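Peer 1: A single structure is presented below for examination.
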Amino acid sequence: MNRIHSLFKNKQERVLSIYFTAGFPKLEDTLSIMEAIQAGGADIIEIGVPYSDPIADGPTIQDSNQIALENGMSLKKLFQQLEGFRSKIELPVVLMGYLNPIIQYGMEAFCKKCQEVGIDGLILPDLPMQQYLDEFKSVFEQYGLVNTFLISPQTSEKRILEIDQNTDGFIYMVSSHSITGAKSGISEEQISYFKRVQEMGLKNPRLIGFGISDAETFSTASKYSHGAIIGSAFIKTVKDSKNLNQDIQAYLQSVLN
Amino acid sequence: MIRVDEKGFYGKFGGAYIPEMLHPNIEELRDNYEAIVASEDFQKEFQMLLKDFVGRPTPLYFGSRLSEKYGAKIYLKREDLCHTGAHKVNNTIGQIILAKKLGKKRIIAETGAGQHGVATATVCALMGMDCTVYMGELDIQRQRPNVERMKILGAKVVPATSGSKTLKDATNEAMRQWINNPVDTHYIIGSVVGPHPYPEMVARFQSVISEEIKWQLKEKEGRENPDAVIACVGGGSNAAGAFYHYYNTPEVRLIAAEAAGLGVSSGKSAATTALGTPGILHGSKTLLMQTEDGQVVEPHSISAGLDYPGIGPVHAHLFDIGRGEFVAVEDEDAMKAGIELSRLEGIIPAIETAHALHALNMIEFRKDDVIVINLSGRGDKDLDTYIKWGNY
């Protein structure tokens, strides 16, 4: 069974997914960051594939992408680093990346490689649902990869239902009208959106992302969903870290407690 | 038949590869723009503003001394005489009326050289709309007069500080701000790039150029169709406008001049069809200058308006099926062509436009062929670059 499915079978609340950019802060940090995330008690690891033009990301993740590329990160390099990681990491691992680098690698070759190294799912923010259904769904399924779609406060109910029909992992709820890392705190307006979607009775679990940074925002988001995704705040934690393992675990403790 | 299909593709290129957060905006535009643009109301206002505010129709001018030099009948389509100094305003007029009809209150735009930014700031002033223009930090330094023009017109100019700090990054920033302000804001894209329906919509607003060429040429030459139309291509909005009504008239050659920068193989170039491969940038599949790993390469051109690593999907398609002839013009040759036009015809062209003029040296034509060059913009904004180059 896909690790994402097993996770949500066993755990329906306070699921914590952590995003980091591969190749940041140092090229070879990938594995040690993954191990620290696992040791710190998170439930899903989301590895960002850096891209030169990340249009859905705010300054923190943009900078991490740029530095990762300057460090020499690429999909090829990342797959080399991920060779054999399953001997150490049990958590579900999801790759998040913009479409262009993946298309250049070749979608089928990419999916095949993902399966080989032990990736469970994909989040491709600029792959629209229709394009996914027309071109890529069968390839994803062939290689056992769960595809995750995003929804935002602007997404219509009709489209949320379509998205729910066309995925079987989890739905990534963007918490507000925003790019990543843009806001702090959770407003009444956001909570009414969380509730509205909660009441739709979707078949897929929902994780809330964008603007989640600490214990308070994580707990609030978790009240109205199955859990949350932290990206920018985690990137800030690793950015200036002198001791990745220690700082990551301390940060995750602070969020989870 | 060259036309956009239902899903927004021209052959292999186009589409709408956008984050879900932009889906409602794009859907709203896609579902409404054709009906709005076709409405009598819209057309009345659009035509009135093109005539009385922009100054259309722009002349189709027979350049006798240029013709004599090259041994062809060369006509210049004088988009440089549009209000604000370039063709860009044709599109911003169309989009601002559309935005108003969609009930939008705020406008955002990206700009490279500042021409599209000025054209956007101008129509926002005209309509009393709030206007923010994103511009690469480097371009803000290179194009100071246009930055000040935008400010005088009441727009806010926000520097894009990521990546190469030029047009590509300004476009990224505008898209991010649209994600952040999806409800009351319309994004006026300045070229035939971006997710569907932008490329086709912008081309349609610019198609007034070839519509006029047809009847003007009929008056002057007794024929609607020239032997060739030449235009410069960055993203490709002026070329799309000049080619539009000739796409499906194969006897008219469509010649596109890209910026070769310091030379196509110099590593300092913006010649997208020569160097690009299929990829996805700013929401559409197109030809793109990129590394083997799919990272977008920083382009170079002496003209900020051509300094873009991609090309509109319709042009990628024209290239792909061989309908368009693409030439790559180096910085130095473009500058010389700009001086040549100044001396022969008394017109100082924008440096973007000068690339199209140099194409006359790169293509074969028969004596007495009728050639139309789209003179997309005037050179006032480029005086600094001409002065620095100094070779006149």
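The values are calculated or read from the model by the stated rules, or taken from the named source; none is laboratory data. Worth saying up front: this structure is predicted, and the values here are computed from it rather than measured. Here the Cβ is made from the backbone with ideal geometry for all residues, glycine too, and neighbour counts use every protein chain on show. Quick note on the areas: whole protein, heavy atoms, side chains included, nothing else; ligands and nucleic acids left out. Shrake-Rupley method; radii C 1.70, N 1.55, O 1.52, S 1.80 Å.
Peer 1: Note down, for the range A:12-256, the three equivalent ellipsoid semi-axes (square root of 5 times each alpha carbon gyration tensor eigenvalue), biggest first, whole angstrom.
Peer 2: So the equivalent ellipsoid measures 25, 23, 16 Å along its semi-axes.
Peer 1: Leaving out ligands and nucleic acids, note down the accessible area per residue over the range A:12-256 with a 1.4 angstrom probe, in whole Å².
Peer 2: With the other protein chains kept in place, the range A:12-256 gives 36 Å² per residue.
Peer 1: Cα centroid distance between the range A:59-107 and the range B:273-340, in Å?
Peer 2: When both Cα centres are located, 28 Å separates them.
Peer 1: Using heavy-atom solvent-accessible surface (probe 1.4 Å) with all chains present, what is the largest-first order of B:Glu68, B:Glu221, A:Glu162, B:Glu345?
Peer 2: Largest to smallest exposure gives the sequence B:Glu68, A:Glu162, B:Glu221, B:Glu345.
Peer 1: Take every residue in peptide A:100-113, count the Cβ atoms of other chains within 10 Å of its Cβ, and give the average of those counts.
Peer 2: 3
Peer 1: Just read off the accessible area of B:Arg56 with the full protein assembly in place, 1.4 Å probe, to the nearest 10 Å².
Peer 2: Here the accessible area works out near 20 Å².
Peer 1: Quick one: order B:Trp215, B:Trp389, B:Trp178 from most to least accessible surface, probe 1.4 Å.
Peer 2: Final ranking, largest accessible area leading: B:Trp215, B:Trp389, B:Trp178.
Peer 1: Let me ask something additional. May I ask which residue of A:Pro50, A:Thr148, A:Ile33 lies farthest towards the positive end of the charge dipole of the range A:12-256, with charges of +1 (Lys, Arg) and -1 (Asp, Glu) on Cβ and the Cα centre as origin?
Peer 2: Towards the positive end, the residue furthest out is A:Ile33.
Peer 1: When Lys and Arg each count +1 and Asp and Glu each count -1, what net charge do the other residues less than 12 Å away from B:Arg204, Cβ to Cβ, add up to?
Peer 2: In short, -2.
Peer 1: Please list, ordered by chain and number, the residues whose modelled amide H lies under 5 Å from the amide H of B:Val157; skip anything fewer than 5 residues away on the same chain.
Peer 2: B:Val133
Peer 1: Please report the relative contact order for chain B, taking Cα pairs under 8 Å with a sequence separation of at least 6, and give it as a percent rounded to a whole number.
Peer 2: 19
Peer 1: Tell me, what is the percent relative contact order of chain A, built from C-alpha pairs under 8 Å that lie six or more residues apart?
Peer 2: 24
Peer 1: May I pose another question? What is the average number of partner chain Cβ atoms found within 10 Å of a Cβ in A:124-131?
Peer 2: Mean shielding count: 5.
Peer 1: Let me ask something else. Which whole-Hz ³J(HN,Hα) couplings does the range B:273-287 yield from phi under the Karplus relation 6.51 cos²θ - 1.76 cosθ + 1.60, θ = phi - 60°, glycine and proline marked x?
Peer 2: Going residue by residue, I get 6, 6, 10, x, 10, x, x, 10, 9, 6, x, 9, 7, 7, 7 Hz, with x marking Gly and Pro.
Peer 1: Quote the accessible area belonging to B:Asp384 in square angstrom, nearest 10, computed with a 1.4 Å probe and with ligands, DNA and RNA left uncounted.
Peer 2: 90
Peer 1: Shifting gears a bit: Could you please state how large a percent of the accessible area of the protein assembly as shown is carbon and sulfur, counting protein chains only and using a 1.4 Å probe?
Peer 2: Ligands and nucleic acids excluded, carbon and sulfur reach 48 percent.
Peer 1: Over chain B, with a single point scatterer placed on each C-alpha, what log10 of the ratio I(q)/I(0) does the Debye formula yield at q = 0.07, 0.12, 0.14 1/Å?
Peer 2: Log-scaled intensity ratios, in q order: -0.27, -0.85, -1.21.
Peer 1: In cubic angstrom, how much convex hull volume per residue do the alpha carbon atoms of the protein assembly as shown span?
Peer 2: 145
Peer 1: Hey, another quick one. If I ignore ligands, DNA and RNA and count only protein heavy atoms, how much of A:Lys113 is accessible to a 1.4 Å probe, in Å² to the nearest 10?
Peer 2: 50
Peer 1: Can you flag which of B:Lys104/B:Lys151; B:Lys101/B:Lys165; B:Lys69/B:Lys381 are past 24 Å Cα-Cα?
Peer 2: B:Lys101/B:Lys165; B:Lys69/B:Lys381, as the Cα separations exceed 24 Å there.
Peer 1: Among bridges DSSP assigns within the range B:249-392, what percent are antiparallel (round to 5)?
Peer 2: Counting only bridges with both partners in the range B:249-392, antiparallel ones make up about 55 percent.
Peer 1: Suppose we keep just the DSSP beta bridges with both residues in chain B; what percent of those would be antiparallel, to 5?
Peer 2: The answer is about 30 percent antiparallel.
Peer 1: In terms of modelled amide H atoms, which long-range or inter-chain residues lie less than 5 Å from the amide H of A:Gly48?
Peer 2: Those qualifying (amide H under 5 Å, at least 5 residues apart or on another chain) are A:Phe20, A:Thr21, A:Ala22, A:Met96.
Peer 1: Just to be sure I follow the rule: in the range A:1-155, considering lysines 8 or more places apart or on different chains, how many pairs have Cα atoms under 14 Å apart?
Peer 2: Eligible lysine pairs with Cα atoms under 14 Å apart amount to 5.
Peer 1: Please list 3J(HN,Hα) in residue order for the range A:50-67, calculated via the Karplus relation 6.51 cos²θ - 1.76 cosθ + 1.60 where θ = phi - 60°; whole Hz, with x for glycine and proline.
Peer 2: x, 9, 5, 9, x, 6, 9, 10, x, x, 5, 6, 4, 4, 5, 4, 5, 5
Peer 1: Additional query: If you take every residue apart from B:Tyr386 with its C-beta less than 14 Å away from the C-beta of B:Tyr386, what net charge results, scoring Lys and Arg +1 and Asp and Glu -1?
Peer 2: -1
Peer 1: Using heavy-atom solvent-accessible surface (probe 1.4 Å) with all chains present, what is the largest-first order of A:Asp164, B:Asp380?
Peer 2: From most exposed to least exposed: B:Asp380, A:Asp164.
Peer 1: For peptide B:279-287, what's the mean number of Cβ atoms from other chains within 10 Å of each residue's Cβ?
Peer 2: The shielding value for this peptide is 3.
Peer 1: Still on this structure: Can you say what percent of the DSSP beta bridges in the protein assembly as shown, counting only those with both residues inside, are antiparallel? Round to 5.
Peer 2: 20
Peer 1: Can you give the local net charge around B:Lys88? Use residues other than it whose beta-carbon is closer than 11 angstrom to its beta-carbon, Lys and Arg +1, Asp and Glu -1.
Peer 2: After counting each charged neighbour, the total is -2.
Peer 1: Buried accessible area between B and A (1.4 Å probe, both chains summed, ligands and nucleic acids excluded), in Å² to the nearest 100?
Peer 2: Interface between B and A: roughly 2900 Å².
Peer 1: Just to check I understand the Karplus step: with θ = phi - 60° and J = 6.51 cos²θ - 1.76 cosθ + 1.60, what whole-Hz values come out for the range A:239-246, glycine and proline as x?
Peer 2: 3, 9, 6, 9, 9, 3, 4, 5
Peer 1: In nanometres, what is the gap between the two model label sites at B:Asp368 and B:Thr277, each 7 Å from Cα along Cα-to-Cβ?
Peer 2: Result for the modelled spin labels: 4.8 nm.
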